[in-house]
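> Shown below is the structure under consideration.
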Amino acid sequence: MGDNMVEPLVDRTNKLARTISHAQDELHSFRTYLRWMCVDQSNIWMACLSWFMFIVFGLVVPAVSLFLLACPSCDATHARPYDWVVQLSLSSVSALSFVCLTGFVKKYGLRRFLFFDKLCDESETVRKCYTVQLNRSLKMVSIFVLPCFIAETAYKVWWYASGASQIPFLGIVWLSDTVACFMELCSWLYRTAVFFLVCVLFRLICNLQVLRLHDFAQVFHADSDVGSILAEHLRIRRHLRIISHRYRTFIVWCLVLITGSQFTSLLITTKPTSELNIYRAGELAMCSITLLTGLCILLRSATKITHKAQAVTCLASKWHVCATLDSFDANDGETPRTPAIHGRQALPHVGTDGESDGEDAGDEEDELDNNKLIPAYAYSTISYQKRQALVTYLENNRTGITVYGFTLDRSTLHTIFGIEFSLVLWLLGKTVGIS
């Protein structure tokens, strides 16, 4: 018996391997999109190409445009006094996005990063909806990038075409300007696309948790066990903690960089000596719109999933109340009011003034946050103590997207807005004299 070696069930000497991906799985079109964006690092050659494109279009071209094509001797319509803010802002957020995306995919793999390895534990509805949203997210990147790119293209073509004799060139004027214009447009498209890609991926991952919460809400409409409800909530809470841990650095640095960019833009454009027109400040305005749009995607996605996650407490409390009322009626010998509740669910909620507010709710109501009563499936199988313990647990363990311990909810957004607005007023007081 001493010669028999018992093989351990788990080999603790091996590290957790990345989830294996297949060429024709649901991420095939997404990998093709990453390959066309030159951010795919699935092998050593693609990784080298990805870093080369980032260095060229993210760093070299903006530096050449800033130091060699500033054109300080151009006329008033072709001078670019705010170009340094545009180039630094776009390059900083694109570098942050590229480094974070590279780290995510290298560390976790694409399937694990997008939680596709966990979809086997979800319902068919969640899997189908998440796959549809993945394909839709690629279109969203194009929807955000293309309008600004068209405007940027029109501005660059006009700038090079009308000021060809004033702009520094090498050799043939038209050829030099054509190459410079093409490289600048590619650089702008690359930097904005990488930034929006990371923002849209965060929105996609948050939407998966929204789908899971909507699916989780169905347990309160069926005869469920408290233990299974608690286990599912703990699983969702763990995934939200994972998302927060992965994205917290990106969110904080985006907030810092974009806030610094906007305050710098406000400072240089409100000086008494500043001359503002669409030719000189149009590109700066377009850059600000791009950065603020990406930041809004991040903050709205985070607050949405936090609001949905915290609405589970309201749903559980309502479930507990309905079950308790019907259980007391049943024990007192009265007729249970479950059929009445069913009937009430088919009708819009009637307020105290006798007016129906079902139409006023609009699309804001869903499975997690609505004014409908819940049929009391629970009182026959789940005791009052178990329901009360579950509600108490949910009340004291609110979950959502957090950034270093701070929950990103609506109150946090109000705080950020108050701080930003105070800084804006302070800065305007120093520049234009607002007190």
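The values are calculated or read from the model by the stated rules, or taken from the named source; none is laboratory data. Remember, it's a predicted structure, so these values are computed and weren't measured experimentally. Virtual Cβ from ideal backbone geometry, glycine too; neighbours counted across all protein chains shown. Remember, those area values only see protein heavy atoms, side chains included, never the ligands or the DNA or RNA. Shrake-Rupley method; radii C 1.70, N 1.55, O 1.52, S 1.80 Å.
> Probe 1.4 Å, all protein chains in place: accessible area of Lys118 in Å², nearest 10?
Looks like 70 Å² after rounding.
> Another question, if that's okay. So how far, in whole Å, is the C-alpha centre of segment 213-279 from the one of segment 75-122?
Result: 15 Å between the Cα centres.
> Suppose the chain between Cys120 and Ser411 were pulled fully straight at 0.36 nm per residue; how much longer would it get relative to their current alpha carbon spacing?
101.2 nm
> Of the accessible area of segment 68-148, with the probe set at 1.4 angstrom, what percent is carbon plus sulfur?
On segment 68-148, the fraction of accessible area on carbon and sulfur atoms equals 66 percent.
> Still on this structure: Please identify which residues in segment 285-312 have an amide N closer than 18 Å to a label point set 7 Å out from the Cα of Leu423, following the Cα→Cβ vector.
288-300
> Applying the Karplus parametrisation 6.51 cos²θ - 1.76 cosθ + 1.60 with θ = phi - 60° to the phi angles of segment 235-245, what ³J(HN,Hα) value in whole Hz is obtained for each residue in order, glycine and proline being reported as x?
5, 5, 5, 5, 5, 5, 5, 5, 4, 4, 5
> Give me the distance in nm between label points sitting 7 Å out from Cα along the Cα-to-Cβ direction at Arg235 and Glu275, one decimal.
Result: 6.5 nm between the two label points.
> Collect residues whose amide H, placed 1.01 Å from N in the peptide plane, falls under 5 Å from the amide H of Val403; neighbours closer than 5 in sequence don't count.
Result for Val403 returns Leu408.
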